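**Q** Structure in structure tokens, see below.
All of the numbers you see were taken from the coordinates with simple rules; none came from a lab. Every value quoted in this text rests on a predicted model; they were computed, and no experiment measured them. Backbone-built Cβ (ideal geometry, glycine too); neighbour counts: all protein chains shown.
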Amino acid sequence: MIPVKRLMKEYSNKFSKRDFTQHQLAVSACLMAYEDKVYRDVPDFLFELKEYLGFVDKVTHFTALQKFLRRILLRLLDFILQKTYEAFFQTKAANIGIDSAGERTSHASNHYIKRMKRRSKRKDYLKHAISVDTDQQAIIAAIDRRSDANDNVDFEPLVERSCRIVPLNNVTADKGYDSEEHHRFVREDIGGKSIIPLRWEGTPVSRTKGKYRKKLRKYFPKKRYHRRSLVETVNFVEKTKLGDELTSKKWWMKKKEQRFKDIACNICRYMKVSSSALFLSTAGFLHFFLPSP
């Protein structure tokens, strides 16, 4: 359980209107991601749950939810994401996988873009890089950038964030992250084992640069590396259950909206692996986030 009342203040400041608490708004934003709703559809959905959420006279307006996302800090959402991961059973060391995926930032469908003869630009999607515990299939940390960013930029920050939360054993990634500096960082600075395939498969060992890349050229642990595919499974499940498009307009608002999706994805995973029948419905989702009415 991660009672949201312990993670943030009841009101943002002493001059707040106090119509709704930040706890109610945080749960409402997470429910918006869980149900794949847009801002304008949230009030009608929350009306059915107003007794559990503690709404007395009225439910929150969608503009209040937008202002809440504008006000809340991204590092606080990262901390809540960390708490959702800590709800899983922890081992001494975790095997993680790193991958990135694109999140659509436009409501227009591909069919509409094709019929209107528009060309989709690279900047039209948000690049979402995550580190996933391949044993629990839960997201540990995430970084969001514009679509023109390189994948290698996010490797070391994701590994560093993950090792602060849980000790690392194996760190797997696809060949897009192939770099001797990445191997050195994981093996020497973090103390884990990096498993990243080399870009050029036909290059002999004598012409392979880097001490750790040469070791992987001689012996590559295929069985351990195939666990990396579970990262793509998490990406697929998140896009399928929670949607693959972001409704916010500003880039920094898109990042916060995406982080709520990561939090909801971890809670969905916890609901699935939990043996309690309570975690099989929206009420169970609310009980995870806000145990007491």
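**Q** Treat the stretch 90-245 as a sphere of radius equal to its Kirkwood radius over Cα pairs and apply Stokes-Einstein at 4 °C in a medium of 1.567 mPa s; give the translational diffusion coefficient in µm²/s, rounded to a whole number.
**A** So the translational diffusion coefficient is about 77 µm²/s.
**Q** Per residue, how big is the convex hull of the stretch 182-239 when only Cα atoms are used? Give it in Å³.
**A** About 106 Å³ per residue, rounded to a whole number.
**Q** Starting from 0.36 nm per residue, how many nanometres of slack lie between Lys67 and Arg224 once their C-alpha separation is accounted for?
**A** 52.1 nm
**Q** Could you check the simple spin-label distance between Phe236 and Val205, using points 7 Å along Cα→Cβ, in nm with one decimal?
**A** Computed distance between label sites Phe236 and Val205 equals 3.5 nm.
**Q** Among Phe79, Tyr39, Val56, which residue has its Cα furthest toward the positive end of the charge dipole of the stretch 37-92, with +1 on Lys/Arg Cβ and -1 on Asp/Glu Cβ?
**A** Checked the options; the winner is Phe79.
**Q** Further question: Return the sequence-ordered ³J(HN,Hα) values of the stretch 33-40 in whole Hz as given by the Karplus equation 6.51 cos²θ - 1.76 cosθ + 1.60 applied to θ = phi - 60°, using x for Gly and Pro.
**A** The phi angles translate into 6, 5, 8, 6, 9, 8, 4, 5 Hz.
**Q** What order do you get for Met253, Met271 when you list them from fewest to most C-beta neighbours inside 10 Å? Please list the in-between numbers first.
**A** Numbers: Met253 15, Met271 18.
Listed from fewest to most nearby Cβ atoms, that is Met253, Met271.
**Q** While we're here: Rank the residues Arg259, Arg217 as a footprinting-exposure proxy: fewest other Cβ atoms within 10 Å of their Cβ go first. Please list the in-between numbers first.
**A** Values: Arg259 24, Arg217 19.
Placing the least packed residue first, the sequence is Arg217, Arg259.
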